[in-house]
Amino acid sequence: MSVVTGVMLIVMFGEDYPLQPIQDWLADHCDGAQLVDVADLAGGSKHPQFRAMAAGINHFANVNEFAAFVMSRDWSQPENVILVLQPEEGTTDVYRPAGFNL
């Protein structure tokens, strides 16, 4: 049976450096999964000034380790970082870097 966790990572437009280690982590721990930038799919007359990276990951067993890894990156604008992990069953979790609570 498939159990999918939806992943959404929102970062400031141009925040590229920390993303590659996150992609590498996912590739190593989640059967090659990768986040895809879906900001181009947003409605409106302008492009959003953020990157919205998303993936659906099957049997994502180590979500807490992933969230800690993402939050520990050296973000240039940590106040603009939001990670959402929405399991198929259970509660949605939202993460922000230390000092930038919801």
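The values are calculated or read from the model by the stated rules, or taken from the named source; none is laboratory data. Keep in mind that what you see is a predicted model, and the values were worked out from it rather than measured. FYI the Cβ positions are ideal-geometry reconstructions off the backbone, even for glycines, and counts take in every protein chain you see. Each accessible area value is taken on the protein alone, full model and side chains, heavy atoms only, with ligands, DNA and RNA left out. Shrake-Rupley method; radii C 1.70, N 1.55, O 1.52, S 1.80 Å.
Below is a table of values for the structure above.
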read-out: Gly32 being part of a loop (DSSP other than H, G, I, E, B) and open to solvent by less than 80 Å² (accessible area, probe 1.4 Å); value: yes
read-out: Candidate set: region 57-67, residues that are surrounded by 15 or more Cβ atoms within 10 Å (Cβ to Cβ) and touching a helix residue (DSSP H, G or I) at 6+ places or on another chain (Cβ under 8 Å); chosen: the one farthest from Gln20 (Cα to Cα); value: Phe60
read-out: Members of region 1-23 found to be out of contact with any helix residue (DSSP H, G or I) (no Cβ under 7 Å at 6 or more places or on another chain) and in a helix (DSSP H, G or I), listed by number; value: Leu19, Gln20, Pro21, Gln23
read-out: Neighbours by Cβ (under 6 Å, 6+ apart or cross-chain): first from region 71-100, closer than 19 Å to Thr5 by Cβ; second open to solvent by less than 70 Å² (accessible area, probe 1.4 Å) and aromatic (Phe, Trp, Tyr); value: Met71/Tyr95; Val81/Trp75; Leu83/Tyr95
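So that you can scan it fast, the table gives a plain yes or no per residue for (1) open to solvent by 80 Å² or more (accessible area, probe 1.4 Å); (2) modelled with pLDDT under 95; (3) within 13 Å of the chain's Cα centre (by Cα); (4) closer than 13 Å to Arg96 by Cα:
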| site | (1), (2), (3), (4) |
| --- | --- |
| Met1 | yes, yes, no, no |
| Tyr17 | yes, yes, no, no |
| Gln23 | no, no, yes, no |
| Asp28 | yes, no, no, no |
| Asp40 | yes, yes, no, no |
| Ala55 | no, no, yes, no |
| Phe69 | no, no, yes, yes |
| Gln77 | no, yes, no, yes |
